[in-house]
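Take a look at the structure set out below.
The values are calculated or read from the model by the stated rules, or taken from the named source; none is laboratory data. Every value quoted in this text rests on a predicted model; they were computed, and no experiment measured them. Neighbour counts are summed over all protein chains in view; Cβ atoms, including those assigned to glycine, are modelled from backbone coordinates with ideal geometry.
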């Protein structure tokens, strides 16, 4: 397993803690280390009760933050027996997370899609979407209502078949780690598709799945079908019907994935699918 380091940003909210739990489970199986990242502006923003940590630790804010990070690391270290450290950054959350990923040569970012803010505008959700659009490494977005389960059934939803099989390596590694099956599927819009679209998509899915199996011989890959009128509703129904544990998608700048993974889609995926989404950047 190539995965060696995982970045987890935290604002100490329940959803951030849930994302950390997902990261810890993956790190435990992969033998990877976790870097817990806190951004000063995140804790000091109006989206967070400024005095919460001060009251808990009876310390000034900066010291209280460091104390909380130390406590979290100790709990994870002792309970999961994995290597975990923490670091605080200034500046914007998105830039800090990307900086931490680059400086630590991380292999994955794991973060929640909604923060425990008490506001309609959810800080972590919008930041996650922004990071997905800029990150050079995979980002695992953990929805608010998701619960950790060993991923045995993974859906790789593609929009076309230009991506080389090598781009799928991150999801292949996770599948190998948890002995999971990967189903490759492409969405066909029944409102606009003609007969040739169904034929080409069916052939494309079968061919792409065969390429993946040829390159990654110890991974089970199947072909799936996504027929419907709206992508998000179709994929949501497929996930429920087929008991999918994890959704993976390739990301391109200004691409199909980028256009759907916006603020409203993040919220919809969080409340309706309740499973993590692995966004894999195609360079």
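Going by the structure shown, is residue 196 assigned by TED's automatic domain parsing to the domain that holds residue 174 and over 30 Å from residue 148 (Cα atoms)?
When the stated conditions are applied, residue 196 passes them.
Restricted to the stretch 141-157, and to residues that are at pLDDT 85 or above and over 16 Å from residue 25 (Cβ atoms), which residue is surrounded by the fewest Cβ atoms within 10 Å (Cβ to Cβ)?
153
The conditions are (1) part of a loop (DSSP other than H, G, I, E, B); (2) at pLDDT 80 or above; (3) farther than 23 Å from residue 98 by Cα, and residue 3 fails exactly one of them. Which is it?
For residue 3, the failing item is (3).
Of the residues in the stretch 6-29, how many are in a helix (DSSP H, G or I) and touching a helix residue (DSSP H, G or I) at 6+ places or on another chain (Cβ under 6 Å)?
3
Being at pLDDT 90 or above and within 14 Å of residue 247 (Cβ to Cβ) is true for just one of 184, 110. Which residue is that?
Exactly one residue qualifies, and that residue is 184.
So residue 73 fits all but one of (1) at pLDDT 95 or above; (2) surrounded by 16 or more Cβ atoms within 10 Å (Cβ to Cβ); (3) in contact with a helix residue (DSSP H, G or I) (Cβ under 9 Å, 6 or more places away or on another chain); what number is the exception?
Every condition holds for residue 73 apart from (3).
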